[in-house]
Amino acid sequence: MNIKSFLINIKNHRTTISRHIVQIIAFIIINYILLELIFSINLLSMESLVKVLPILNSPRNPISSGAGILEYIFYFIVDGIFPVFLIAALIIILLLTNRVFCGWVCPVGTIQDACAAIPTPKRSIKINTHKSLLKVKYTFVILIIIIVLPLGITMSTNYEFYVDYRANIGDFGRKPMGFFSLSEYIFVFFPNIIKDMINTGSLQPLFSNLVTFIIFFFYLIIIILSVWYPRVYCRYFCPFAAIASTVSEYSFLKLTRNPVRCVGRSDCGICENICPKQIRILDEPFEFFTGKGECNFCLKCKEACPYDAIDMKFG
Ligand code: SF4
Ligand code: SF4
């Protein structure tokens, strides 16, 4: 490849390159404790700066497992507090920025994109199966709410019940999203299991109980699958994605498709083939589309469209 074609390639992929740069920077900031390990430095002074932003919570904070805004909301509810401000902030952010967080910032999205960058042919899931699987993440959220809500209600109204119930639901009471979170798996569960296996010199920690065994292989399979099925966790299993899809369908920030420029599926269809979320872009309305809230605003479709038919719109 000569310099000219290299520069053209960069120009044609400048959105994706910018997105990956933002993803890498966000990954490092969110997990800045990694910098301490790699460079043997102490960034403790950053703690107060980071603590005010729930989505950038320090890994040192005792309630930071997973460290996302949704985790915070559920933690608060478990403690009998309804974080109205956080819920309102989440809704406003989603309404203003759609799912830019998912496409450009989320470290778990970055890890899946890194898996998908492995050069293998990408596959799509049969449309009916895909539609059914999309509902799984909503089931997870409903399940978490059903389990957690009684704690939020009874903390101040029936403390005895609260204590009993919280003790009986075990880990759900401690970290309500733990079992459903790939970030919890990648950054907490998986390293701990590997550490335990190294310390004991055996596979015993993996077989300590059925839940541990199932979680270990379930998420491992999800990560491996994301090599062929991009963003498979975001699409089907992420609880944050369930909330984000519901709200972002009404976001002010949207994508549009120009009906004059677009030549349609039979003559092109490049946008649909490249979309990591398997969105049927050409079945969406021209005026705006969010893929029923599934679009994570990666802008790959916009970048790939040879007729410049896809654009962003605010309002
Ligand atoms: S890539 Fe562009 S022209 Fe082709 S189908 Fe998609 S929107 Fe239409
Ligand atoms: S519709 Fe476009 S911006 Fe949205 S996820 Fe698919 S490729 Fe990315």
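A few notes on this one:
- Once C-alpha pairs closer than 8 Å and six or more residues apart are averaged by separation and normalised to the residue number of the chain, the relative contact order reads 23 percent.
- Local electrostatic count, C238, Cβ distance below 10 Å [Lys/Arg +1, Asp/Glu -1]: +3
- Gaussian network model of the chain, Cα within-10 Å springs - most flexible of S226, S181, S266: S266
- Axis of helix 69-78 versus longest Cα principal axis of the chain: the two differ by about 30°, to the nearest ten degrees.
- With the convex hull of its Cα atoms as the shape, the chain has an orientation-averaged projected area of 20.4 nm².
- Most fluctuating residue given options C268, C298, C238, as computed from a GNM of the chain linking Cα atoms under 10 Å: C268
- Restricting segment 284-315 to GluC sites (Glu not before Pro) that sit in a DSSP loop and have at most 14 other Cβ atoms within 10 Å of their own Cβ leaves E287.
- Compared with the alpha-carbon gap, the fully stretched path from L143 to L282 is longer by 46.7 nm at 0.36 nm per residue.
- Extension gain (nm, one decimal) between I127 and S5, 0.36 nm per residue minus Cα-Cα: 40.2 nm
- Phi-based couplings in Hz for segment 17-30 (Karplus 6.51, -1.76, 1.60; Gly and Pro marked x): 5, 4, 4, 5, 5, 4, 4, 5, 4, 4, 4, 5, 5, 5
- Förster radius 25 Å - calculated FRET efficiency between S18 and I38, Cβ distance, rounded to 0.05: 0.55
- Estimated from the Cβ-Cβ distance and a Förster radius of 35 angstrom, the FRET efficiency linking I91 and I221 is about 0.60.
- Choice from P107, P176, P191 showing the highest fluctuation, given a GNM over the chain with Cα pairs closer than 10 Å: P191
- Expressed as a fraction of 2.2 N^0.38 Å, the C-alpha radius of gyration for segment 102-169 is 1.78.
- The alpha carbons of segment 203-294 occupy a box of 62, 29, 14 Å along the principal axes, longest dimension given first.
- Once C-alpha pairs closer than 8 Å and six or more residues apart are averaged by separation and normalised to the residue number of segment 164-292, the relative contact order reads 19 percent.
- Rounded tilt (10° steps) of 210-225 against the dominant C-alpha axis of the chain: 10 degrees
- Estimated translational D of segment 253-315 in µm²/s (Stokes, Kirkwood radius over Cα pairs; 20 °C; 1.002 mPa s): 188 µm²/s
- Rounded to 10°, Cα long-axis angle of helix 107-116 versus longest principal axis of the chain: 50 degrees
Where a number appears in this text, it was derived from the coordinates with a stated rule and is not lab data. Everything numeric here is computed off the predicted structure, so don't read it as measured data. Heads up, the Cβs are rebuilt from the backbone with ideal geometry, glycines too, and the neighbour counts pull from every protein chain shown.
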